[in-house]
Amino acid sequence: MKPKRTLTGQLGLYLQWPLFLSILVIITNIVVGFIDTGAALAMGGFTVVYVLFSALMYFFSRRKLMAGMVEFSADYAWIQKKLLSELDVPYVVTDQNGRLLWMNGLFTEMQKEAGGRSSSLTTMFPEVTKEILKAVDEKTTLHVVFGDRSYRMDLTLVSMEDFEPEEEGARAGREETAADKSALAPAPDLVAVYLFDETELLQYQKQITEERMVAGLIYLDNYDEALESVEEVRRSLLMALIERRINKYIAGFNGVVKKMEKDKYFFVIKQQYVEELREQRFSILEDVKSVNIGNEMAVTLSIGLGLGGDTYGQNYEYARMAIDMALGRGGDQAVIKSSEKIEFFGGKSQQQGKMTRVKARVKAHALRELIGTKEKLLIMGHRYNDIDSFGAAVGIYRIAATLDRKAHIVINDISASVRPIYERFTPAAGYPEDMFLTGSEALEMVDAGTLLVVVDVNRPAITEEPELLKKVKTLVVLDHHRQSSEIIDNAVLSYVEPNASSACEMVAEVVQYIADDIRIRPQEADAMYAGIVIDTNYFNNQTGVRTFEAAAYLRRCGADVTRVRKAFREEMVNYQARAHAVGQAEVFEGAFAISECPSEGIENPTIVAAQAANELLGIKGMKASIVLSEYNGVIFLSARSMDEVNVQVMMEKLGGGGHRSIAGAQLRGVTMEEAKERLKGVIREMIASGDVR
């Protein structure tokens with residue numbers, strides 16, 4: 001049985017107005033009858049005619065009006081369908097599983113291009129999944145690719161509940177029983193999909209991006225040293241050859257290069273060539289080293305590239321920051337700095353330490369002036385302190401005491417490796433009880449007259465008390481580790497020297513220029529000497545002429561080799577753990593020794609792991625050694641290498657850092673096996689990219 005159609009809403013009300021007026025006319029006729037009977041009779045005739053005419057019009061014209069409305073609706077629906085079919089945008093209606101239910105002409109053509117057999121949106125566009133279709137709420141936008149064109153896809157949910165007819169029979173059926181109500185299945189929702197071609201827009205955006213100018217700086221790392229290693233008559237030829245290679249390299253990217261100083265160049269290229277530079281991994285770094293006209297020392301250079309800034313000036317500022325970071329990491333590398341990230345390339349060669357101490361003298365004088373303007377000094381190293389961090393802090397403490405300034409060393413926990421030296425700094429030995437403070441105690445005493453000196457670390461996150469970096473306004477950084485993308489960037493004085501063997505070596509040099517009458521006590525000299533000895537693995541790693549000069553100075557100040565060796569004798573359990581790590585080592589890719597150091601019963605397994613890594617490096621054929629240890633729920637990695645692998649780059653890929661030959665990292669929330677797999681993945685990546693010689 002067909003449902004009875006009714007006119008409702010404004011249209012139905014409009015047709016019923018004559019009936020309402022008929023009632024009003026009848027009431028008026030009755031009122032007139034009370035006033036004049038003759039007038040009421042005369043008006044009654046007209047009232048009867050009006051009521052009959054209104055009723056006839058309502059009941060007989062209603063059917064014709066309904067037919068007209070149906071005809072109009074059909075015409076309107078046909079026009080609407082025709083408009084959608086001829087819409088100049090691909091349009092399709094699907095269910096939430098992606099099945100194509102209806103499509104217009106343009107989408108039909110796309111379906112033919114796909115072979116004509118695609119009946120699912122998810123098949124035509126792999127970027128669209130059923131999960132995405134079922135999660136569509138109101139409007140969702142995706143970017144998809146079809147053939148050689150790119151599209152913006154807008155998906156809109158079409159709820160079928162809005163189109164369910166509320167007919168009288170249906171309403172009555174719903175009200176009969178609850179069982180009938182529960183039996184009604186909800187109508188499935190549909191998804192309307194519009195595709196907007198954005199291929200040309202993306203091409204224009206890419207073209208604009210590629211046409212942007214990128215600023216770059218090139219510095220020769222060892223200009224003076226390289227010239228001194230060649231005969232005087234050949235020096236101009238050496239520099240001419242290097243400059244020619246630099247000019248030719250930049251010209252190969254349609255760039256312009258300008259020499260600013262004898263060892264500094266500025267260049268500009270288009271951003272479209274940056275990706276090619278990445279793929280080549282800045283081949284100029286190796287090309288320049290091959291220039292040899294009798295010079296004993298190969299020339300190395302550093303490159304800083306700035307891009308992604310809003311202005312050319314900002315790109316140049318990025319380039320300057322990048323070159324500073326490249327030099328701070330030891331040179332012989334390229335750094336790309338953008339508004340989003342920092343990328344490192346190169347850094348394979350070992351930079352030669354400079355003989356001159358001019359930089360140390362300048363930094364020492366600047367430090368003395370800063371200390372003179374402050375009332376008290378706080379000295380802080382890195383978390384999980386080692387003897388190098390402790391010895392450097394003791395050296396700065398002695399500088400402050402010589403300049404009559406109150407100083408405190410911030411240490412939260414004393415590690416097992418530091419305790420033998422730490423126990424010698426007691427009130428009985430002439431040191432104040434508040435020489436050492438915890439981080440919370442140091443935070444309470446910070447005021448405007450406080451100077452904070454950070455030693456042996458330049459990454460804020462791994463300092464002993466990171467909150468001090470935010471609270472103290474005047475900061476000084478002395479460190480020998482290569483800089484990473486995360487640095488202490490608000491220091492008024494930064495002395496970062498990657499060529500130095502240890503922070504203690506740097507402080508020993510600074511001490512000699514601070515004051516003529518400075519007197520280092522024997523226990524302080526022992527602490528600083530021990531820092532050099534441990535960080536160099538008894539003068540086997542990262543040592544230079546200045547390393548031995550610093551050690552000789554500390555020996556003259558009273559450092560005793562025997563006392564230091566006794567202080568660092570180890571427990572039998574530590575020796576056994578180290579032997580176990582060496583014995584169980586796995587040789588990966590034929591040149592990488594990977595092992596795990598047991599931590600049960602060992603107070604500080606990270607120290608034992610570092611010692612095991614040093615021993616593994618002595619095995620013939622090993623390019624690098626990495627030992628993992630677990631401590632306080634964190635996986636620590638200690639990495640060592642000779643000269644074929646930059647373990648700093650390796651550890652940076654795992655969130656760590658360090659030196660080219662000595663580095664480490666910390667992994668949280670992973671198991672030991674997962675940590676090993678991540679490490680092996682990084683090694684494979686470095687081998688594939690040519691970072692392993």
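The values are calculated or read from the model by the stated rules, or taken from the named source; none is laboratory data. Predicted model only: the values in this text are computed from it and were never measured. Please note: Cβ atoms are built from the backbone with ideal geometry, for glycine as well, and neighbour counts cover all protein chains shown.
Under 9 Å between Cβ atoms, at least 6 apart or on separate chains: pull out the pairs that start in the range 572-599 with a residue that is more than 14 Å from residue 618 (Cα to Cα) and outside the structural domain of residue 631 (by TED's automatic domain parsing) and end on any residue that is modelled with pLDDT of 90 or more and surrounded by fewer than 18 Cβ atoms within 10 Å (Cβ to Cβ).
none
Look at the range 489-502 and say how many of its residues are out of contact with any Ser or Thr (no Cβ under 8 Å at 6 or more places or on another chain) and either surrounded by fewer than 20 Cβ atoms within 10 Å (Cβ to Cβ) or not in a strand (DSSP E or B) (or both). Step through it out loud before you land on a result.
From the range 489-502, those out of contact with any Ser or Thr (no Cβ under 8 Å at 6 or more places or on another chain) are 489-491, 493-499; that's our starting set.
Cutting the leftovers down to either surrounded by fewer than 20 Cβ atoms within 10 Å (Cβ to Cβ) or not in a strand (DSSP E or B) (or both) gives us 489-491, 493, 497-499.
Summing the residues that are out of contact with any Ser or Thr (no Cβ under 8 Å at 6 or more places or on another chain) and either surrounded by fewer than 20 Cβ atoms within 10 Å (Cβ to Cβ) or not in a strand (DSSP E or B) (or both) in the range 489-502 gives 7.
Assigned to a helix (DSSP H, G or I), in contact with a helix residue (DSSP H, G or I) (Cβ under 6 Å, 6 or more places away or on another chain), over 21 Å from residue 326 (Cα atoms) and of a type in the set (A, V, I, L, M, F, W, C) - does that describe any residue in the range 250-257?
Taking the range 250-257 as the starting set, the residues that turn out to be assigned to a helix (DSSP H, G or I) are 250-251.
If we keep only those that are in contact with a helix residue (DSSP H, G or I) (Cβ under 6 Å, 6 or more places away or on another chain) too, we end up with none.
So far as the range 250-257 goes, no, none of its residues is assigned to a helix (DSSP H, G or I), in contact with a helix residue (DSSP H, G or I) (Cβ under 6 Å, 6 or more places away or on another chain), over 21 Å from residue 326 (Cα atoms) and of a type in the set (A, V, I, L, M, F, W, C).
So the check is Cβ under 7 Å with 6+ separation or different chains; which pairs have a first residue in the range 423-441 that's of a type outside the set (D, E, K, R) and a second one that's exposed (fewer than 12 other Cβ atoms within 10 Å of the Cβ) and modelled with pLDDT of 90 or more?
427/433
Could you check how many residues of the range 520-546 are in a loop (DSSP other than H, G, I, E, B) and modelled with pLDDT of 90 or more? Can you show your working first?
Narrowing the range 520-546 to residues in a loop (DSSP other than H, G, I, E, B): 520-521, 536-544.
Still in the list and also modelled with pLDDT of 90 or more: 520-521.
Residues flagged as in a loop (DSSP other than H, G, I, E, B) and modelled with pLDDT of 90 or more within the range 520-546 amount to 2.
Provide a single number: the residues in the range 388-431 that are surrounded by fewer than 17 Cβ atoms within 10 Å (Cβ to Cβ) and touching a Phe, Trp or Tyr at 6+ places or on another chain (Cβ under 7 Å).
1
Considering each of 276, 317, 261 in turn, give the residue that is over 26 Å from the mean Cα position of the chain (by Cα) and among the charged types (D, E, K, R).
Working: 276 fails: over 26 Å from the mean Cα position of the chain (by Cα); 317 fails: over 26 Å from the mean Cα position of the chain (by Cα).
Step by step, each of 276, 317, 261 is checked, and only 261 is over 26 Å from the mean Cα position of the chain (by Cα) and among the charged types (D, E, K, R).
Specify the residue that is surrounded by the fewest Cβ atoms within 10 Å (Cβ to Cβ); the eligible residues are those in the range 633-679 that are assigned to a loop (DSSP other than H, G, I, E, B) and within 17 Å of the chain's Cα centre (by Cα).
First, the residues of the range 633-679 that are assigned to a loop (DSSP other than H, G, I, E, B): 633, 642-644, 646, 653-656, 659-661, 669-671.
Among the residues that remain, those that are also within 17 Å of the chain's Cα centre (by Cα) are: 653-656.
Details: 653: 18, 654: 21, 655: 14, 656: 22.
Here the residue is 655.
Could you list, in sequence order, all residues of the range 465-483 that are β-branched (Val, Ile, Thr) and in a loop (DSSP other than H, G, I, E, B)? Before you say what the answer is, go through the steps one by one.
Start the filter on the range 465-483 by keeping residues that are β-branched (Val, Ile, Thr), which leaves 472, 474, 476-477.
Passing the criteria: only 472.
Could you pull out the residue among 474, 536 that is of a type in the set (S, T, N, Q) and within 20 Å of residue 330 (Cβ to Cβ)? Walk me through it before giving the result.
Values: 474 fails: within 20 Å of residue 330 (Cβ to Cβ).
Within the list 474, 536, the selection yields 536.
Considering each of 549, 505, 486 in turn, give the residue that is in the same structural domain as residue 385 (by TED's automatic domain parsing), part of a helix (DSSP H, G or I) and under 40 Å from the mean Cα position of the chain (by Cα).
On the way: 549 fails: under 40 Å from the mean Cα position of the chain (by Cα); 486 fails: part of a helix (DSSP H, G or I).
Unique residue meeting the criteria: 505.
Going through the range 568-613 one residue at a time, which ones are surrounded by fewer than 19 Cβ atoms within 10 Å (Cβ to Cβ) and in a helix (DSSP H, G or I)?
Residues satisfying the conditions are 572, 573, 575, 576, 579, 580, 583.
Might you check whether a residue that is under 21 Å from the mean Cα position of the chain (by Cα), in a loop (DSSP other than H, G, I, E, B) and at pLDDT 85 or above occurs anywhere in the range 336-345? Quick ask: steps written out before the conclusion?
Step one: filter the range 336-345 for residues under 21 Å from the mean Cα position of the chain (by Cα), giving 336-345.
From what is left, the residues that are in a loop (DSSP other than H, G, I, E, B) are 338-341.
After this cut, where a residue has to be at pLDDT 85 or above as well, the list is 338.
Within the range 336-345 (the criterion being under 21 Å from the mean Cα position of the chain (by Cα), in a loop (DSSP other than H, G, I, E, B) and at pLDDT 85 or above), the answer is yes, since at least one residue qualifies.
Any residue at all in the range 216-233 that's small (Gly, Ala, Ser), over 30 Å from residue 321 (Cβ atoms) and in the same structural domain as residue 269 (by TED's automatic domain parsing)?
First, the residues of the range 216-233 that are small (Gly, Ala, Ser): 216, 226, 229.
So of that shortlist, the ones also over 30 Å from residue 321 (Cβ atoms) come out as 229.
Narrowing further to those that are in the same structural domain as residue 269 (by TED's automatic domain parsing): 229.
Yes, that holds for at least one residue.
If you check residue 446 against the conditions, is it surrounded by 14 or more Cβ atoms within 10 Å (Cβ to Cβ) and not in a loop (DSSP other than H, G, I, E, B)? Even if it seems obvious, please write down each step before you answer.
Working: surrounded by 14 or more Cβ atoms within 10 Å (Cβ to Cβ): yes; not in a loop (DSSP other than H, G, I, E, B): no.
Answer is no for this residue.
Looking at (1) touching a helix residue (DSSP H, G or I) at 6+ places or on another chain (Cβ under 8 Å); (2) closer than 15 Å to residue 613 by Cβ; (3) not β-branched (Val, Ile, Thr), which is the one condition that is false for residue 667?
(2)
Restricting attention to the range 527-539, and to residues there that are in contact (Cβ under 8 Å) with a residue 40 or more places away in the chain and either more than 19 Å from residue 396 (Cα to Cα) or hydrophobic (A, V, I, L, M, F, W, C) (or both), which single residue is surrounded by the most Cβ atoms within 10 Å (Cβ to Cβ)? Even if it seems obvious, please write down each step before you answer.
Applying the first criterion (in contact (Cβ under 8 Å) with a residue 40 or more places away in the chain) to the range 527-539 yields 527-532, 534-535, 537.
Narrowing further to those that are either more than 19 Å from residue 396 (Cα to Cα) or hydrophobic (A, V, I, L, M, F, W, C) (or both): 527-528, 530, 532, 534, 537.
Working: 527: 31, 528: 33, 530: 29, 532: 28, 534: 21, 537: 20.
Filtering first and then ranking leaves 528.
Can you give me the number of residues within the range 87-109 that are out of contact with any Pro (no Cβ under 6 Å at 6 or more places or on another chain), surrounded by 13 or more Cβ atoms within 10 Å (Cβ to Cβ) and closer than 13 Å to residue 195 by Cα?
Total meeting the criteria: 10.
Would you point out the residue of the range 334-346, among those that are free of Cβ contacts under 8 Å to residues at least 60 places away in the same chain and either crowded, with 20+ Cβ neighbours inside 10 Å or of a type in the set (Ser, Thr, Tyr) (or both), that is nearest to residue 286 (Cα to Cα)?
Ranking the candidates gives 334 first.
Given the criteria outside the structural domain of residue 665 (by TED's automatic domain parsing), touching a residue at least 12 places away in the same chain (Cβ under 8 Å) and either farther than 19 Å from residue 325 by Cα or in contact with a helix residue (DSSP H, G or I) (Cβ under 9 Å, 6 or more places away or on another chain) (or both), does residue 495 qualify?
Taking the combined requirement at face value, the residue satisfies it.
Checking the structure you have, find out if any residue of the range 255-263 is under 20 Å from residue 299 (Cα atoms), in contact (Cβ under 8 Å) with a residue 40 or more places away in the chain and crowded, with 16+ Cβ neighbours inside 10 Å.
The initial filter retains those residues of the range 255-263 that are under 20 Å from residue 299 (Cα atoms), namely 257-263.
Okay, now just the ones that are also in contact (Cβ under 8 Å) with a residue 40 or more places away in the chain, so 263.
Then keep just the ones that are crowded, with 16+ Cβ neighbours inside 10 Å; that gives 263.
Looking for residues that are under 20 Å from residue 299 (Cα atoms), in contact (Cβ under 8 Å) with a residue 40 or more places away in the chain and crowded, with 16+ Cβ neighbours inside 10 Å, one finds at least one in the range 255-263, hence yes.
In this structure, does residue 150 turn out to be within 22 Å of residue 196 (Cβ to Cβ), surrounded by 13 or more Cβ atoms within 10 Å (Cβ to Cβ), at pLDDT below 85 and among the hydroxyl-bearing types (Ser, Thr, Tyr)?
Working: within 22 Å of residue 196 (Cβ to Cβ): yes; surrounded by 13 or more Cβ atoms within 10 Å (Cβ to Cβ): yes; at pLDDT below 85: no; among the hydroxyl-bearing types (Ser, Thr, Tyr): yes.
Here the answer is no, as residue 150 does not meet what is asked.
Out of curiosity, is residue 453 among the β-branched types (Val, Ile, Thr), surrounded by 21 or more Cβ atoms within 10 Å (Cβ to Cβ) and under 25 Å from residue 489 (Cβ atoms)? Steps first, answer last, please.
Numbers: among the β-branched types (Val, Ile, Thr): yes; surrounded by 21 or more Cβ atoms within 10 Å (Cβ to Cβ): yes; under 25 Å from residue 489 (Cβ atoms): yes.
Here the answer is yes, as residue 453 does meet what is asked.
Suppose we filter 533, 545 for residues that are within 25 Å of residue 648 (Cα to Cα) and touching a Phe, Trp or Tyr at 6+ places or on another chain (Cβ under 8 Å); which single one remains? Before the answer, list the steps.
Values: 545 fails: touching a Phe, Trp or Tyr at 6+ places or on another chain (Cβ under 8 Å).
The conditions single out 533.
Taking residue 620 as meeting all but one of (1) over 22 Å from residue 677 (Cβ atoms); (2) in contact with a helix residue (DSSP H, G or I) (Cβ under 9 Å, 6 or more places away or on another chain), write down the number of the exception.
(2) is the only condition that residue 620 fails.
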